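These notes concern the structure reproduced below.
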Amino acid sequence: MKFEFQNPTHLVFGAGTLAHLGEAVRAYGKHALLVTGGGSVKRNGTFDRAISSLKAYGITFAECPGIEPNPKLSSVITGTGIARHEGCDMVVGLGGGSVMDAAKVIAASVCYQGDPWDMIMHGQENRRVPTQALPVITVPTLAATGSEMNGTAVITNEKTSVKSFVGAKCLYPKVALVDPELTLSVPPDQTAFGICDLITHVTESYFNGIDCTPIQDRFAEGVILTAMEWGPKALSNGLDIEARAQVQWASIVALNGWVQVGTATNYPVHMIEHVLSAHHDIAHGAGLAIVNPAWMRLAAKTRPDRFARFAQRIFGLPAPSGKEEQTAREGIDRLESFLRSTGCPTRLSEVNIGDTMLARYAQDSLHIIHDKDGRLPGRPPMSESDIIELLRSAL
Ligand code: NZQ
Ligand code: ZN
């Protein structure tokens, strides 16, 4: 292993922390851009509580409402215009991953010369990664992406149907104010998609990272076991604050970098899912619940031992030597059953995706990222026909 690690985001976690928003913002600015989504924060009272905290500390704000799930480039451009016009000196993202991602890219776009799409990885030769951004404070209302405490954002160019990511130091939020009470109103389907998303964040590095990362393996297993224990509690009683808190903490740990440190991982399942949600606007976690088990079945053929160990450690399955392939298959079936038990779809047909565009999805994934042999990076690297085969197995 060889690595450097720094996550500069100041995390404040716990029920009631929303009341500290004004205090947190005051350290970074006086006139905030307040980015929100389609209205859930206004319906459930979170928005009013947020602005009363801002007002208590003398913070004024401009609004950028209406960020959609799978946030669009045009919304980022609109938000950037508002921030510039209003002279905002910092950005607050109050919402799910989509809102927080848009908030980050708006914050960077305000300081960026040219088209913000240039900062998003989409197969271009000369990507210009942002080096400066307004300070961002994230206030997540949904446990899923971990965006609140990482330096990544995912944006969709709706004109070209390309969804992809940007990762940069300047995108790390200054503060993540994480109040599990804000997630009590998340409906069961989004709760389940969030659980699937966080599990997939750690299975990606568990299966695609380098060999011999024993601490990282145990971190990942801890995240998965915690999500499988507390996720169903949050689903059966959405008002269970303890369950909401455990799921939210798991979602942060899953993608704040700590689990992935030193693994040099790739994210093939995410790359393929992003193409599906780019074309069909499905929820990210729902797409992952379909792609991840299918990917695991394909990858297990090349590394049955690794998948057998997953089955053993996560599901307590016996793993007799010589029967690794069978154990691996059973472990993947169990994970898929778990996802299905939470209400996630596990087949493309359940989200109305058929077989007419499989080649296009594969080509789009490879256009965004590929190795020197033109394959999607991961273990194993996948060619266009591998990706098509994977997707066909998930129909
Ligand atoms: O828009 P509103 O009205 O707020 O409603 C949202 C939205 O409809 C709703 N919601 C959020 N909090 C709620 C709530 N409803 C009731 N009560 C609450 N407290 O949930 C719906 C989905 O929201 P969204 O933000 O889209 O979900 P999520 O947090 O799963 O974010 C998904 C986006 O993040 C990207 C995904 O690709 C997708 O675009 N990702 C970002 C990552 C990152 N920045 O690190 C990594 C991930 O792998 C992922 O790719
Ligand atoms: Zn994800």
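Summary of computed values
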| item | result |
| --- | --- |
| Listed residues Ala143, Gly167, Thr183: farthest to the positive end of the dipole of segment 10-183 (Cβ charges) | Gly167 |
| Antiparallel DSSP beta bridges within the chain, as percent of all bridges there, nearest 5 | 25 percent |
| Three-way shape call for the chain based on the alpha-carbon gyration tensor, with the a/c threshold at 1.5 | prolate |
| Shape call, segment 274-330: gyration tensor on alpha carbons, a/c limit 1.5 | prolate |
| Choice from Val129, Val99, Val202 with maximal GNM fluctuation in the chain (Cα, 10 Å cutoff) | Val129 |
| Mean Cα-pair separation over length for the chain, i.e. relative contact order, pairs under 8 Å, 6 or more apart, % | 15 percent |
| Most mobile of Met100, Met228, Met149 in a GNM of the chain (Cα contacts under 10 Å) | Met228 |
| Student exercise, segment 10-183 dipole from Lys, Arg, Asp, Glu Cβ charges, in Debye to nearest 20 | 120 debye |
| Cβ-Cβ FRET estimate between Thr302 and Asn126, R0 fixed at 35 Å, reported to 0.05 | 0.50 |
| Full-extension gain in nm, Ala359 to Asp115, via 0.36 nm per residue minus C-alpha separation | 84.9 nm |
| GNM top mover of Pro140, Pro304, Pro345 - the chain, alpha-carbon springs below 10 Å | Pro304 |
| Calculated from backbone phi, Karplus (6.51, -1.76, 1.60) coupling profile of segment 36-44 in Hz, x at Gly/Pro | 9, x, x, x, 4, 5, 7, 5, 9 |
| Whole-Hz couplings from phi, Karplus 6.51/-1.76/1.60, listed for segment 292-298; x for Gly and Pro | 5, x, 5, 5, 4, 5, 5 |
| Three-way shape label, segment 105-246, alpha-carbon gyration tensor, a/c 1.5 | prolate |
| Test item: Cα-centred dipole of the chain, Lys/Arg +1 and Asp/Glu -1 on Cβ, debye | 340 debye |
| Percent of beta bridges antiparallel (DSSP, segment 10-183, rounded to nearest 5) | 20 percent |
| Cα lying deepest toward the dipole's positive end in segment 183-326, options Ala319, Ala192, Leu298, charges on Cβ | Ala319 |
| Over segment 188-393, relative contact order from alpha-carbon pairs under 8 Å, at least 6 apart, % | 24 percent |
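Bear in mind these aren't lab numbers, they're just calculated from the coordinates by the rules spelled out. As the structure is a prediction and not an experimental result, all values here were calculated from the model. Glycine gets a Cβ as well: all are built from the backbone with ideal geometry, and neighbour counts include every protein chain shown.
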